[in-house]
1. Exactly one of (1) in a loop (DSSP other than H, G, I, E, B); (2) open to solvent by 10 Å² or more (accessible area, probe 1.4 Å) is unmet by A:Ala94. Its number?
2. Name the one entry in B:Ala37, B:Ala45, B:Ala53 that is more than 7 Å from chain A (Cβ to nearest Cβ) and either at pLDDT below 95 or more than 19 Å from the chain's Cα centre (by Cα) (or both).
3. From the list A:Arg160, A:Arg187, pick out the single residue that is at the interface with another protein chain (Cβ under 7 Å from one of its Cβ atoms), open to solvent by 30 Å² or more (accessible area, probe 1.4 Å) and basic (Lys, Arg).
4. Residues in region A:72-80: is at least one of a type in the set (Val, Ile, Thr), within 24 Å of the chain's Cα centre (by Cα), open to solvent by less than 10 Å² (accessible area, probe 1.4 Å) and over 13 Å from B:Leu27 (Cα atoms)?
5. For region B:130-141, what are the residues that are open to solvent by 10 Å² or more (accessible area, probe 1.4 Å), more than 7 Å from chain A (Cβ to nearest Cβ) and without any contact (Cβ under 8 Å) to a residue 60 or more places away in the chain?
6. What's the number of the only condition in (1) part of a loop (DSSP other than H, G, I, E, B); (2) within 11 Å of chain A (Cβ to nearest Cβ); (3) crowded, with 19+ Cβ neighbours inside 10 Å that B:Glu64 fails to meet?
7. Please tell me if B:Phe218 is within 30 Å of A:Pro98 (Cβ to Cβ), modelled with pLDDT under 95 and of a type in the set (A, V, I, L, M, F, W, C).
8. Identify the single condition in (1) closer than 21 Å to B:Trp102 by Cα; (2) among the polar types (S, T, N, Q); (3) more than 7 Å from every other protein chain (Cβ to nearest Cβ) that B:Ser77 does not satisfy, given that it satisfies every other one.
There are 2 protein chains.
Amino acid sequence: MADADVFRHVPLPTAEIQRMEAYLGPLADSVRALVDATIRTSLDAGGVERARAEIDAITARLRESQEPGPAGVRYNSEGYSWQWGNAAVGLRNAVAPPLTVWTDEDGRLRGRADLGNAYEAPPGMAHGGVLALLLDHLMGVTASTGNVKRPSFTGTLTLRYMRATMLGPVQLEGWIDHRQGRKTIVRARVGDAEGPTAEAEGVFITPRWAVEPPVTPF
Amino acid sequence: MADADVFRHVPLPTAEIQRMEAYLGPLADSVRALVDATIRTSLDAGGVERARAEIDAITARLRESQEPGPAGVRYNSEGYSWQWGNAAVGLRNAVAPPLTVWTDEDGRLRGRADLGNAYEAPPGMAHGGVLALLLDHLMGVTASTGNVKRPSFTGTLTLRYMRATMLGPVQLEGWIDHRQGRKTIVRARVGDAEGPTAEAEGVFITPRWAVEPPVTPF
């Protein structure tokens, strides 16, 4: 896939993008509720079949006009960028809880998400792998903080689970431990209503091309 | 939440459960397609609003009769058990890709999943955290292999990402490195069409109550 497909300039003002977000976000929220109802419904075969036929008809209509591939990253000429399909934070992605991330007054990255029934693994508890997804995402953002022109990729990620995490609201925080050349060592933790449940350390790597000017070999 | 709610016996024969799976699985598949269309549609505000109203109506109908909480684990008297809401493998969970897991002839656990547009993070690539979710799940199953009566929980999980993973089909394999008391050390890797992309080591812990008989203190 060419970079141009997934990293694309959109010639629209930020106000117009935000107007679209105002109706596209609620669509994903409605699909999130449908995902939950799909897990929990006790309707019989006939009721489920009817729901499925109606869902297929809606999907077909949404597909009458659609982007050819993944949502990728989009940006406009005002410095606004968005990644609506992101698996952790995507506004339009019903797979994403979604995670919300912001920088707190103390400079730490904070995040929160509401983990509903779709994020279960030990019965009644949050899937440890879902927590890994949220931590990985928050830590990647943390690694790029204050240095948005140095993209970074997860090199290694070590997670330590202290106890099971209840389904429901979770909070995250992440901070840079130290930098070492092109490596940024990030630490983070996640917790539920009763306190911390898992902590993580990650090594994020900025690719060579992002920090060195191209060298002409003569 | 009481264990009874999430770990429940269901007085139905396996054949009846499988008859339900035959119509409940396709419902989740249809919701997965809707999730994809929700990310990609270019319909205008009116078209999106109409889709949303219809989705809300379907959700309301599915909810007319539904389980009160998460899907948990269910089992019957024939030794069949199921976890339809699991975030990685759940038959009824449209958040799950789903991951399919089986034991190969060589005794290793294998898994596969098709990561569509909903699992994106680096533009056009699979989210590293989604790979962590799949690896964590496969490794947990690996740790319990041949010992289903010894449940195990993820203690630590270390992931090493070697390169970005393309969206599309991914393959996983996991095996037990060694056991040490109540700890099981599991290794695993995941790859896309071009080969391995990440590897993992996990320490899975069997709780004390699962290996020791209750002690009467007198």
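1. Every condition holds for A:Ala94 apart from (2).
2. B:Ala53
3. A:Arg160
4. No, every residue in region A:72-80 fails to be of a type in the set (Val, Ile, Thr), within 24 Å of the chain's Cα centre (by Cα), open to solvent by less than 10 Å² (accessible area, probe 1.4 Å) and over 13 Å from B:Leu27 (Cα atoms).
5. B:Val141
6. Here B:Glu64 meets the rest and fails (3).
7. no
8. Every listed condition holds for B:Ser77 apart from (1).
The values are calculated or read from the model by the stated rules, or taken from the named source; none is laboratory data. No experiment lies behind these values; they were computed from the predicted model shown. When we count neighbours, we look across all protein chains shown, and the Cβ atoms used for this are built from the backbone with ideal geometry, even at glycine. The protein model used for the area step is the full one, side chains on, heavy atoms only, and it has no ligands, DNA or RNA in it. Shrake-Rupley method; radii C 1.70, N 1.55, O 1.52, S 1.80 Å.
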